[in-house]
Amino acid sequence: MYKEIYKSWLESSKVSEKERKELQLIENDQKEIEYRFGKDLEFGTAGMRGFIGMGTNMMNVHTVRRATQGLCEYIKLLGEKAMSRGVVISYDTRRMSIEFACASAVVLASNGIKTYLFNDVHPVPMLSFAVRELNTIAGIMITASHNPKEYNGYKVYGEDGAQMSPEATAKVVEYINQIGDCLSDKILYDEQAGRKINAVPKRVDRKYYKIIKKLSLSSKEVKKVGKQIKLVYTPVHGSGYIPVTTILKKMGINATLVPEQTQKDTEFSTVAVPNPEIKETLTLGIKMADLKNADVVFGTDPDCDRLGVAIRDDKGEFVALSGNQSGILLLDYVLRRLKESDKLTSKGFVVKSFVTTSMAKLIADDYGVELIETPVGFKFIGEKIMQLDDTGKRKFIFGFEESCGYLRGTHCRDKDAVVASMLFAEMVCYYTYHGIGVYQRLNELYAKYGYVYDTNVSVAYSGLNAMKEMNAVVDKMKGVKIDQIGGIKVDATRDYSVAQRKTADGQTFDMDISKCNAVYYELEGGSFICIRPSGTEPKLKIYYSIKGENQEKALKSFERVKEEFEKLVK
């Protein structure tokens, strides 16, 4: 079947000569043809993400147009008002990002749906904000986030500014499937419709900065030491360059840039992978920080929804903080400042994904605020904001995920590395003003709550059946009864595919949480292990959050747990 589809693309008049030549280059590579045409690129709850190239299982203008036509059919179903509210589109600095953004815009306009398009790269949080500010029915972000340069992606946002809900996504997928082939005549694409595309008004940017600046918690300390602290920032060739430097300047905080990484480089040529979670991605920033004798390094990914941080330890050497460590520092800082200013309300709540550090609950409990857990994916944190804050029932304080994603404020409903950069920078100012360092504060938290070692292990999969194989591993673990792992008792097991928690003594309880395929082991003493397939890349992920009296004991416990659990998985 895939051979016939490949041949039809080769012969189609809708395929350009450049695209045809790419297809001709693989005519003798049956494995490559099967990969590219053996299935359609999956449109899941995180949209689409894949390798850039020609084929039904690849990211190209044809798969993008097809997905957008499916979105159009869904919006038409909602009525004329929804069509007139329209869709806003943004994109990052990746290969083909602007081409995919323009292709999406033309399809929307061809279907009579009002369309807004940013005139330059803008990050995820500003797209989310624009959806809310312009009152559009949806948003599209062209990005593959922190993935390697060979990837791109397509994310859809709902009218609340969060990534589209699983229910709405399912309906869009139905319409996409009804279209059939990516080259179908059902896809409306009239280049003349491009004249109807609207530029996003400049006021949207101005209002975004105005709103997030109000989220500042330490204006006095920033005013006193903001010009003195030494901070290095790198956008890693991505869309964070303008917004992060703009907000830091508005705050009065000096930042030194890594000049070679401010360029919009589709190849991300100065890094192996544009992922600020990895210390190596911050190498040039750390080099600049040593040159300038700076104390902190920030790095954001191409779509500026993740913030990576490196700080100096007590020996003066740079250490890269994990997303969990930055998260607990920010969580503690936000709660501390709200408490100090008598603004910490009893109605407040914080949110984290269930694979994020168990230390978050210890901190939240200490400050007397509720901690809510969600599945992995920031849209679920956005969902909690909509359910609780938007309705006036509770007050959202802070949300974070272990993958370097943080949000304060309700201006957007996705990870916001612009706000996170602002908060972390002013946190540095706050602690500097009070005579302590950020690394010192991190150790104070460990001393107070106990050391928690958080890490995750990724097992890469490949081929057309990667997702099926990963899910099979997780499904297998559901049938394995485990009483202890690495000498630590298993208090309970959570099966998120049925939203049930089963205790060691056999009692079963329903959980009020969205379903997903993951198995989670609650370990005695507050530690946990979780296994799940990634929703954005072909990787099986195992998360460990292991608590100990100190770092040495936590690491030793982790090694025992990891060795034993990996044997069970195999």
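The values are calculated or read from the model by the stated rules, or taken from the named source; none is laboratory data. Everything numeric in this text was worked out from a predicted model, so none of it was measured. Note that we place each Cβ from the backbone using ideal geometry, even for glycine, and neighbour counts take in every protein chain shown. With ligands, DNA and RNA removed, areas are computed over all heavy atoms of the protein, side chains included. Shrake-Rupley method; radii C 1.70, N 1.55, O 1.52, S 1.80 Å.
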### Query
Can you find even one residue in region 416-436 that is in a loop (DSSP other than H, G, I, E, B), among the acidic types (Asp, Glu) and either touching an Asp or Glu at 6+ places or on another chain (Cβ under 9 Å) or modelled with pLDDT of 95 or more (or both)?
yes
#### Entry: Qualifying positions in region 164-199 - farther than 16 Å from Gly70 by Cβ and open to solvent by 20 Å² or more (accessible area, probe 1.4 Å)
Asp190, Glu191, Gln192, Gly194, Arg195, Lys196, Ile197, Asn198, Ala199
### Query
How many residues are under 20 Å from the mean Cα position of the chain (by Cα), assigned to a strand (DSSP E or B) and not hydrophobic (A, V, I, L, M, F, W, C) when one looks only at region 508-544?
6
### Message
If a residue must be of a type in the set (D, E, K, R) and within 29 Å of Asn152 (Cβ to Cβ), how many such residues does region 516-553 contain?
### Response
4
### Query
Does Asp40 fit the bill of being under 20 Å from Ile187 (Cα atoms) and among the acidic types (Asp, Glu)?
yes
### Filtered residue count, region 246-267, keeping only those that are surrounded by 17 or more Cβ atoms within 10 Å (Cβ to Cβ) and in a helix (DSSP H, G or I)
4
### Qualifying positions in region 355-379 - open to solvent by 20 Å² or more (accessible area, probe 1.4 Å) and aromatic (Phe, Trp, Tyr)
Tyr367
### Hits in region 428-477 (condition: open to solvent by 60 Å² or more (accessible area, probe 1.4 Å) and small (Gly, Ala, Ser))
Gly435, Ala447, Ala460, Ser462
### Message
For region 5-117, give me every one of the helices (runs of 4 or more DSSP H) that falls completely inside it and has 1 or more residues that are open to solvent by 60 Å² or more (accessible area, probe 1.4 Å) and among the polar types (S, T, N, Q).
### Response
17-24, 30-37, 80-85
